Structures are given as C-alpha cells and as structure tokens.
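What follows is one structure encoded as structure tokens, with my remarks underneath.
The values are calculated or read from the model by the stated rules, or taken from the named source; none is laboratory data. What you see is a predicted model; the values in this text were computed from it and never measured. Please note: Cβ atoms are built from the backbone with ideal geometry, for glycine as well, and neighbour counts cover all protein chains shown.
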Amino acid sequence: MNIIQTIILAVIEGLTEFLPISSTGHMIIASSIMKIDQDPFVKLFEVAVQLGAIVSVIVFYHKKFFPLNKWNFYIKLLVAVVPALVLGALFSKRIDALLESPLTVAVMLFAGGFVLLFIDKLFTRPAITEEPGISYKRAFVIGIWQCLAMLPGTSRSAASIIGGMQQKLTRSLAAEFSFFLAVPTMCAATAKKLLDAYKETPEILKDKHNLLLLGIGNLIAFVVALIAIKFFITYLQKHGFKIFGWYRIIVGAVLLVLIYKGVIV
C-alpha cells in the first residue's frame, strides 16, 4: 500500500463515514479496484482510519462531549453500543469474512437505497427534538438498529439514523445521535482490530512505514470528516435522504454489473 492509495482510502473514509452510504463498503470496493484488498495491512487500515473521522465528531460537538459531567449523555451512548459489542464479539469471524465480499457491499448498497428513498415518508411525526428526550430504552433500540451495519454496504450511519427516526427522533437529531454513537462503537472496533493484529500479525504494527500511513490516513480522514459532518446536517435539514437513496441505487447497480463482468472480484 503506497501513499497515494492511503490518501484515496482516507478521503473516502472522511467523506462517507457520516453519510448514509457506507464508508466501509466504499473502502472495500476502492481497495478491490486498486488490487490491494488482500493485503492484511489494508484490512487493518480500513478499520483504524475511522479513528480520524471519530475524533472529528468530538471536535465538532465539543460542547456536547465536554465538560465530562453529563453522565446521562455518556450512559446513553454506553447503553446504545452494547448490542454492537455483544454481536461483534460473538460473530467477529463471520463479520471479517463479509468484509472481504464486494458482492455483499453491492447488494446492500442497492437494497438500502430503496429504503432511503421512502424513509422520510415512513416516519413523519417526530416527537423528540433534543438529546435529553432520548431515553435509555430508545438509545438501546437505536443500538440494535446499528447492528445491521455489520453487513458491509449497509452503512452504520444509515442504520442508526433510521433507528433514531423509528424511535421518534427528528431527522437532524437522529443524525447527530448517530454521530455520537459512532465514537464508542468505532473506538471499540478499532481497538479490537489493533489488538487482533498485535496478537496475530505483530510485524504489521512494527513496520514504521505502516505506522506512518496510519498517521497520514487518520489526519486526512479527520479533516475531510469535519467538512462532511457540517455538509450532511445542513443538507439533511433542508432536503432529506432521497439523494443518498438514488446514489446508493446507482452505485450498487454499477458495482453489480462490474462484479458480473469480472472487473471487480
């Protein structure tokens, strides 16, 4: 994996982590096109680079995360992340296997696009406009919805936003809570991936070139994600999800054709 490939994957991560179009799915397809998808370091990078994007959430919403005396807020995030932690621990090997499947990504992008086309019409009566209105029960249910994103191409952002809207949150609050929930979820996923790499392939983490690429990737992902968060919230408030639905359908259809033709394997 070279510096250009690192920049490409980091920009993709920053742009797509908080949009309902699947950052992991896009990185899997990009690495497949660049013929680096079988590199163990690339598989680690695709998870670890998400830390940069996660830090952007903390910076963007620093008034929400600090000072550290808002216990209800933190407890809600912990409650919401429990389903993903449990399922991740139980099915980690199967999830890793799915992460190597461009076909799964293409199918889930395509199918999920139709959901986003109609999501605004399904939940038309939001009742919760501020984070304090989210109960522990609602947070837990949103966390269950987030688990759908273990299928690559589904989008963690899309799954948790839909879960939030199903729990009567407004579009913008559902998106914001999805961003908040990304922090413990992706920190846990990255920590597990790094720990597994340390145990199974420690030479990857001892390679200074790899560490440099991780640093560069996370920095780029952080900067790009800051811009993407602002854009998404502003756009969502005005226009809703339809454009993301059409995007997913088009990209998913193109990928299915490319896979059928053998261009992507």
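Residue selection: residue 122 fails the criterion of being hydrophobic (A, V, I, L, M, F, W, C), under 17 Å from residue 84 (Cβ atoms) and touching a helix residue (DSSP H, G or I) at 6+ places or on another chain (Cβ under 9 Å). Suppose we keep only residues that are assigned to a helix (DSSP H, G or I) and over 18 Å from residue 54 (Cα atoms) within region 148-171. Which one would you say is farthest from the chain's Cα centre (by Cα)? Among those that are assigned to a helix (DSSP H, G or I) and over 18 Å from residue 54 (Cα atoms), it is 166. Counting only helices (runs of 4 or more DSSP H) that sit wholly inside region 178-265, those with at least 2 residues that are more than 14 Å from residue 54 (Cβ to Cβ) and of a type in the set (Val, Ile, Thr) are 208-239, 242-261. Does residue 121 qualify as being within 29 Å of residue 104 (Cα to Cα) and among the basic types (Lys, Arg)? So residue 121 passes the test.
The single residue among 128, 119 that is at pLDDT below 90 and buried (at least 16 other Cβ atoms within 10 Å of the Cβ) turns out to be 119.
Here is a yes/no grid of residues against (1) outside any loop (DSSP other than H, G, I, E, B); (2) within 17 Å of the chain's Cα centre (by Cα):
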residue: 94; (1), (2): yes, no
residue: 106; (1), (2): yes, yes
residue: 109; (1), (2): yes, yes
residue: 116; (1), (2): yes, yes
residue: 121; (1), (2): yes, no
residue: 126; (1), (2): no, no
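For region 1-24, the candidate set comprises residues that are in contact with a Gly (Cβ under 6 Å, 6 or more places away or on another chain) and under 30 Å from residue 171 (Cβ atoms); within that set, the residue that is modelled with the highest pLDDT is 10.
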